1. Order of 122-132, 18-28, 48-58 by packing, highest average Cβ count within 10 Å first?
2. Give me the one-decimal nm value for the distance between modelled label points at residue 9 and residue 128, 7 Å along each residue's Cα-to-Cβ direction.
3. Quote to one decimal, in nm, the extra length available between residue 151 and residue 84 on full extension: 0.36 nm per residue of separation minus the C-alpha distance between them.
4. Which value in deg cm²/dmol, rounded to the nearest 500, describes the helix-derived mean residue ellipticity at 222 nm for the chain, given -39,500 (n - 2.57) per DSSP H run of n ≥ 4 and division by the residue count?
5. Ranked from highest to lowest mean number of other Cβ atoms within 10 Å per residue, what is the order of the peptides 7-17, 34-44, 101-111?
6. I need the shape label for the range 15-65. Rule: rounded when a/c is under 1.5, else prolate if a/b > b/c, else oblate, with a, b, c from the alpha carbon gyration tensor.
7. Which shape class applies to the chain: rounded if a/c is under 1.5, otherwise prolate when a/b exceeds b/c and oblate if not, where a ≥ b ≥ c are the square roots of the Cα gyration tensor eigenvalues?
8. What is the list of residues in the range 62-91 whose amide nitrogen lies under 19 Å from a point 7 angstrom out from the Cα of residue 136, following Cα to Cβ?
């Protein structure tokens, strides 16, 4: 479904290694694998502010933050507390120009987007309750969900 939704974006590669693992997956280890496979690439990790707000709970998060460039997407309803450790991390690593990602590591660029104000969990619940979700989904993704009866009540 990810491939259907965003697979058309130039230079974007969708990687399913974490889904295929038979053991716990850790972002830091996944990043190291990707960097080993693509040593000259400028890799960028994309995450929302909701996920970033818990970054200090991640496996080897300090190394992750030093070695990875993060494109941080602002999620509605998920503000980072101004007096938090995470906010201090963000301030210390924030760059103001996207181009500063290239040739460096350990940076965070905040991308202000206009996301739809609904979560994937809420969309799955709407499907489970037989509500129309077409306005929230790529038509091809919606077709797969309907065809395979994903997220429907059992």
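1. The most tightly packed comes first, giving 48-58, 122-132, 18-28.
2. 2.8 nm
3. Stretched fully, the residue 151-residue 84 segment lengthens by 20.5 nm.
4. Dividing the helical sum by the residues of the chain leaves -9500 deg cm²/dmol.
5. For the peptides 7-17, 34-44, 101-111, the packing ranking is 101-111, 34-44, 7-17.
6. Oblate is the answer for the range 15-65, as a/c is 1.5 or above yet b/c matches or exceeds a/b.
7. In terms of gyration-tensor shape, prolate.
8. Zone members listed by number: 74-78.
FYI, it's all coordinate maths here, none of it is from the lab. Here the structure is a predicted model, which is why all the values come from computation and not from measurement. Cβ coordinates were reconstructed from backbone atoms using ideal geometry, including for glycine residues, and neighbour counts include every protein chain displayed.
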